[in-house]
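What follows is a short report on a single structure.
Please treat every number below as a calculation from the coordinates, not as lab data. It should be emphasised that the depicted structure is a prediction, and the values quoted were computed from it without experimental measurement. Positions of Cβ are backbone-derived with ideal geometry, glycine not excepted, and every protein chain shown enters the neighbour counts.
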Amino acid sequence: MVNFEDGSETEPNLGPSAFTEEGEVVDPTADILELVGKDALPVLQDLSARVASILEGRRISVLTPEDGRKTVPWLRGSEEVFVGIEDQPITVKEALFFEGL
């Protein structure tokens, strides 16, 4: 969370964080590759795997991007929930990390 001098604040967002000038989502791996170079990318990927392993060793589950995109068939979007499209399955990421108004 970031608190600004004027008293406003912002919370972390789990959605895409990098966009092109045209508003298209930037692939995170490609963006990191451009920033750090191809030699550093495997080092960062190894570090990420090591952090996940430590967390999982302490019984904290780490979801992969693929896990987050899976749908939960028995959960459906509706006017009564913050996420999803009317009568369509909600993804694991939407179910666990929704943002309310």
For this session: Take K93, K70 and order them by how many other Cβ atoms sit within 10 Å, fewest up front.
Result: K70, K93
Problem set entry | Helix-derived mean residue ellipticity, 222 nm - over the chain, DSSP H n ≥ 4, -39500 (n - 2.57), to 500 | -10000 deg cm²/dmol
Exercise. For the pair V83 and V25, how long in nm is the line joining their label points, each one 7 Å along Cα→Cβ?
Worked result: 1.3 nm
Exercise. Over the C-alpha atoms of the chain, what are the Rg and the largest Cα-to-Cα span, Dmax, in Å?
Worked result: 17.2, 48
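Given a Förster distance of 25 angstrom, what is the FRET efficiency for I32 paired with R69, based on the Cβ-Cβ distance and rounded to 0.05?
Efficiency, from the Cβ-Cβ distance: 0.80.
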Problem set entry | For L75, distant residues with modelled amide H under 5 Å away | I90
Problem set entry | Positive-end residue, the chain charge dipole about Cα centroid, Cβ charges, pick of G23, V43, L75 | V43
Problem set entry | Radius ratio Rg over Rh of region 48-101, counting only Cα atoms, Kirkwood formula for Rh | 1.11
Problem set entry | Choice from G84, G68, G37 with maximal GNM fluctuation in the chain (Cα, 10 Å cutoff) | G37
